[in-house]
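All remarks here apply to the structure that follows.
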Amino acid sequence: MTTQIFISHISDEADLALELKSTIDEQFLGLVNVFVSSKNTSIDAGTPWLEAVTNAIKSSKILIVLCGDDTISRPWINFEAGAAWLQGVTIVPACHGRMSPSKLLPPLSYLQAVSICEAAGIEKLFQAVA
């Protein structure tokens, strides 16, 4: 059975989410299933969107929250992270752009965050996935 990972992101970060999914798929040789709601193949046509997201969060072992300057003020990100928290899913804030772990606000600042702009941050993220 493969491990499921959920990448939470705002629509402006869809390209970054898909790039991260591709990198994880490549590095973990298909041993993980990465759910990205903006990827057309993550949610089948005709499937209720909210139900698909809810089920994906419930079945995930890790939720990666892409955290950019505009991300942390969006309520949907905190909604998905909160749903994952209640399910006992590991949540990893993944900072990019000008956002850094030290700039995160609660509740995301209470979690060990990484910067995916740095090799050490990517390594920590991949260790969490492994």
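The values are calculated or read from the model by the stated rules, or taken from the named source; none is laboratory data. Treat the numbers as computed from the prediction; the structure is a model and nothing was measured. For neighbour counting, all protein chains shown are included, and Cβ atoms are generated from backbone atoms with ideal geometry for every residue, glycine included. For accessibility, only protein heavy atoms count, side chains too; no ligands or nucleic acids. Shrake-Rupley method; radii C 1.70, N 1.55, O 1.52, S 1.80 Å.
In the full protein assembly as shown, how much of E123 is accessible to a 1.4 Å probe, in Å² to the nearest 10?
Rounded to the nearest 10, that gives 110 Å².
Express the relative contact order of region 1-87 as a whole percentage, based on alpha carbon pairs under 8 Å and six or more residues apart in sequence.
Taking the mean separation of contacting Cα pairs over the length of region 1-87, I get 41 percent.
Using a Förster distance of 25 angstrom, determine the FRET efficiency expected from the C-beta separation of D69 and L31, and round it to 0.05.
0.15
If all Cα-Cα distances of region 12-65 are sorted into 5 Å bins from 0 onward, what percent lands in each bin, rounded to whole numbers?
Answer for region 12-65: a P(r) of 4, 19, 27, 28, 18, 4, 0 percent.
How much mean residue ellipticity at 222 nm does the chain get from its helices, if each DSSP H run of length 4 or more adds -39500 (n - 2.57) and you divide by all residues, to the nearest 500 deg cm²/dmol?
Value at 222 nm, helices only: -11500 deg cm²/dmol.
Using a 1.4 angstrom probe and counting only protein chains, how large is the accessible area of I7 in Å², to 10?
Rounded to the nearest 10, that gives 0 Å².
For F126, project a label point 7 Å along Cα to C-beta. Then give me every residue of region 19-58 with its amide nitrogen under 15 Å of that point.
It comes to 20-32, nothing else.
May I ask you to give the solvent-accessible area per residue for the chain, in square angstrom, as obtained with a 1.4 angstrom probe?
Ligands and nucleic acids excluded, the result is 56 Å² per residue.
Please list, short to long, the whole-number percent of alpha-carbon pairs of region 32-126 in consecutive 5 angstrom bins beginning at zero.
Going from the shortest bin to the longest, the percentages are 2, 13, 23, 23, 20, 12, 4, 1, 0.
Could you rank C117, C67 by how accessible they are, 1.4 Å probe, largest area first?
Most to least solvent-accessible, the answer reads C117, C67.
What is the percent carbon and sulfur in the accessible area of the chain, measuring with a 1.4 Å probe over the protein chains and ignoring ligands?
54 percent
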